Amino acid sequence: MSVSTCPKCGAALPDATKFCQSCGAQAAPPAPEPVIAAVQAPPPAPKPKRKEKGNETTHAAHTPIPDKKPVGAVGYFFILLLFSIPIVGIVLAFLWAFGKKTPFTRKAIAQAQLVLWAVIYVGALIIYILNFSVLNEFIKFTLR
């Protein structure tokens, strides 16, 4: 317990006293202790946990990410070589494009190959129909 003095008469006053006991003057209010507010940075957000599972990486709140290893030039060459075999290429393209366990890059190549074949066949069909109709009109014109 510390002792302070009266500002008017100089008598000794205990800390909790509001008025001087000898002269009745109001004691000086104790100086408030400085309040230092501790500013803390918010805790960092937790990172999603990663689980390794075979060739797939899974995130906590997401679906599995398939293996995205690149095929490479030699692998790409052999895939296109297999696609060039008449029946085998079509079967492999459908199996790889719609297979569930097919690696991501091989699946993308097969899907692109199927789209390319569809564009080529539709284009060839349109050209055939146009040529046949023009040729038919030419034959009719020359036989008159």
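The values are calculated or read from the model by the stated rules, or taken from the named source; none is laboratory data. Quick caveat, the model's predicted, so the values are computed rather than measured. Backbone-built Cβ (ideal geometry, glycine too); neighbour counts: all protein chains shown.
Points worth noting:
- Within the range 82-101, the residues that satisfy the criterion of being of a type in the set (A, V, I, L, M) and in contact with a helix residue (DSSP H, G or I) (Cβ under 9 Å, 6 or more places away or on another chain) are L82, I85, V88, I90, L92, A93, L95, A97.
- For C6, the criteria (1) at pLDDT 65 or above; (2) surrounded by fewer than 10 Cβ atoms within 10 Å (Cβ to Cβ); (3) over 30 Å from T105 (Cβ atoms) hold in every case but one, which is (2).
- Annotation: A97 fulfils all but one of (1) closer than 18 Å to L80 by Cβ; (2) among the aliphatic types (A, V, I, L, M); (3) exposed (fewer than 12 other Cβ atoms within 10 Å of the Cβ); the unmet one is (3).
- Evaluating T105 against the criteria (1) in contact with an Asp or Glu (Cβ under 9 Å, 6 or more places away or on another chain); (2) polar (S, T, N, Q); (3) modelled with pLDDT of 90 or more leaves one unmet condition, (3).
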